[in-house]
1. For residue 205, which of the numbered conditions (1) assigned to a strand (DSSP E or B); (2) at positive phi; (3) of a type in the set (Gly, Ala, Ser) fails to hold?
2. Among 148, 167, 121, which is closer than 30 Å to residue 226 by Cβ, modelled with pLDDT of 95 or more and in a loop (DSSP other than H, G, I, E, B)?
3. State which residue pairs qualify: first residue farther than 13 Å from residue 33 by Cβ and in contact (Cβ under 8 Å) with a residue 12 or more places away in the chain and inside the range 90-104, second residue open to solvent by 90 Å² or more (accessible area, probe 1.4 Å) and of a type in the set (Phe, Trp, Tyr) in any location, beta carbons under 8 Å apart, and separation of 6 or more residues or different chains.
4. On the basis of being open to solvent by 50 Å² or more (accessible area, probe 1.4 Å) and assigned to a helix (DSSP H, G or I), does residue 52 make the cut?
5. Pull out all pairs, ordered by first then second residue, where Cβ-Cβ is under 9 Å, the residues are six or more apart or on different chains, the first lies in the range 1-20 and is more than 18 Å from residue 61 (Cβ to Cβ) and in contact (Cβ under 8 Å) with a residue 60 or more places away in the chain, and the second is open to solvent by 80 Å² or more (accessible area, probe 1.4 Å) and assigned to a loop (DSSP other than H, G, I, E, B).
6. Within the set of pairs 6 or more residues apart or between chains, which connect a residue that is farther than 16 Å from residue 181 by Cβ inside the range 211-224 to a residue that is part of a strand (DSSP E or B) and open to solvent by less than 20 Å² (accessible area, probe 1.4 Å) with Cβ atoms less than 8 Å apart?
Amino acid sequence: ARAAGASATWVLSNHDVVRHASRLMLPPGTDENAWLLSGGRAPAVDEAAGLRRARAATLLMLALPGSAYVYQGEELGLPEVADLPTEVLQDPIWEQTGHVRKGRDGCRVPLPWTTGGPSYGFGAGAAWLPQPAAFAAYAVQAQDGAEGSTLELYRTALRLRRKLLAGESLTWTEDTPAGVLAFARSDGWRCVTNLSDTDVPLPPGDVLVSSAPLTGRRLAPDTTVWLA
């Protein structure tokens with residue numbers, strides 16, 4: 001970015017890829033198209049683990065210098081809708097590939113605003129792609145003001161980011177435990193992500209925001225924290 005005289009640009013999801021809350025719950029090496037063709041059943045996945053990793057990835061991304069982009073619905077923690085029936089698919093990829101690739105409809109299913117209604121508040125009638133019943137729990141209405149919800153995590157992180165983000169530099173932290181990624185930003189605040197499979201000690205500092213609840217001064221796996 002410095003060499004080009006520009007800021008870096010970061011994004012975790014967009015309308016052309018499987019939502020990152022689902023990508024991060026798939027075992028390494030999984031063929032995403034094969035998983036979609038199976039209706040999200042093979043391999044079996046842990047949605048809670050995917051959401052936990054997605055929240056950690058989001059805090060890590062938002063701590064980086066440069067511009068960050070949020071794809072509609074990721075602030076609700078929406079997973080990919082992998083089990084869309086083939087008869088409702090809208091993406092031309094499905095027909096153009098002779099029904100070999102399921103396409104991108106799974107990340108384009110309309111957002112849930114309310115916990116009920118024919119389209120979970122998206123419109124007066126049914127949505128143009130069917131929304132699963134599980135969307136009710138992800139709805140804005142269900143998460144608005146709810147402590148610990150993904151929507152409130154995004155709101156908190158974005159509010160802090162406006163205050164904290166300055167300059168285009170970061171300094172990597174040395175001597176971190178195995179599997180821990182940490183860096184300090186130009187004005188002193190820090191981002192620490194535990195990518196290992198075990199708890200690690202939380203570095204000194206005041207917690208500004210955490211992607212998952214903390215137990216004492218321990219940082220659980222798949223968790224990111226900002227410290228001042």
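The values are calculated or read from the model by the stated rules, or taken from the named source; none is laboratory data. Every value quoted in this text rests on a predicted model; they were computed, and no experiment measured them. Counting neighbours? That spans all protein chains shown, and the Cβs are built from the backbone with ideal geometry, glycine included. Calculation scope for accessible area: heavy atoms of the full protein, side chains included, ligands and nucleic acids excluded. Shrake-Rupley method; radii C 1.70, N 1.55, O 1.52, S 1.80 Å.
1. (1)
2. 148
3. Partner pairs satisfying both residue conditions: 90/128.
4. Against the criterion (open to solvent by 50 Å² or more (accessible area, probe 1.4 Å) and assigned to a helix (DSSP H, G or I)), residue 52 qualifies.
5. The qualifying pairs are 2/168.
6. Close Cβ pairs satisfying both conditions: 214/223; 214/225; 218/200.
Listed here are the residues, each with its yes/no results for (1) exposed (fewer than 15 other Cβ atoms within 10 Å of the Cβ); (2) in contact (Cβ under 8 Å) with a residue 24 or more places away in the chain; (3) under 22 Å from the mean Cα position of the chain (by Cα).
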{"residue": "121", "(1), (2), (3)": "no, no, no"}
{"residue": "131", "(1), (2), (3)": "no, yes, yes"}
{"residue": "138", "(1), (2), (3)": "no, yes, yes"}
{"residue": "143", "(1), (2), (3)": "no, yes, yes"}
{"residue": "162", "(1), (2), (3)": "yes, no, yes"}
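Let's see how each residue does on (1) open to solvent by less than 20 Å² (accessible area, probe 1.4 Å); (2) at pLDDT below 95:
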site: 66; (1), (2): yes, yes
site: 75; (1), (2): no, no
site: 78; (1), (2): yes, no
site: 85; (1), (2): no, no
